[in-house]
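Enquirer: Quick one: this structure, given as structure tokens, is what I'll be asking you about.
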């Protein structure tokens, strides 16, 4: 029974405790690329021409096409509307976003002349 505890439960307990503490042995860690924070993403709906031209593969012509095609509901519309090829989209998709454009609040309807207000 003691041998079972040493062989199976002890490594499992160490794994649970080390992951809870935020530390894992190097062999157990998975290496992933860090996601770009939202603050560093370029918003397709508000970015300037120069900001768009800083993206790989986006020159003056494509930057102008993006600006003319605004607003975007999703960044995938760059390919869906044939603004850029899919191969270029794959290179820049992690650097751009399409934040929804704020809409103006609806104004209340004015009562017709001659009708009393309630």
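Enquirer: Any residue in the stretch 71-89 that's at positive phi and touching a residue at least 40 places away in the same chain (Cβ under 8 Å): show its pairings with residues that are part of a helix (DSSP H, G or I) and exposed (fewer than 12 other Cβ atoms within 10 Å of the Cβ) at Cβ separation under 8 Å, as long as the two are six or more apart or on different chains.
Expert: none
Enquirer: Return the residues of the stretch 56-72 that are surrounded by 10 or more Cβ atoms within 10 Å (Cβ to Cβ) and either under 14 Å from residue 85 (Cβ atoms) or over 21 Å from the mean Cα position of the chain (by Cα) (or both); say none if nothing qualifies. Talk me through it step by step, then tell me what you get.
Expert: As a first pass, look at the stretch 56-72 and keep what is surrounded by 10 or more Cβ atoms within 10 Å (Cβ to Cβ): 57-60, 62-67, 69-72.
57, 58, 59, 60, 62, 64, 65, 66 - these are the residues of the stretch 56-72 that are surrounded by 10 or more Cβ atoms within 10 Å (Cβ to Cβ) and either under 14 Å from residue 85 (Cβ atoms) or over 21 Å from the mean Cα position of the chain (by Cα) (or both).
Enquirer: Restricting attention to the stretch 34-62, which residues are over 18 Å from residue 75 (Cβ atoms) and modelled with pLDDT under 70? Before the answer, list the steps.
Expert: So in the stretch 34-62, the residues over 18 Å from residue 75 (Cβ atoms) come out as 34, 50, 59-61.
Hit for the stretch 34-62 is 34, nothing else.
Enquirer: For residue 60, are the conditions met, namely being within 20 Å of residue 101 (Cβ to Cβ) and without any contact (Cβ under 8 Å) to a residue 12 or more places away in the chain?
Expert: no
The values are calculated or read from the model by the stated rules, or taken from the named source; none is laboratory data. From a predicted model like this one, the values you see are computed outputs, not experimental measurements. Note that each Cβ is placed from the backbone with ideal geometry, even for glycine, and that neighbours are counted across all protein chains shown.
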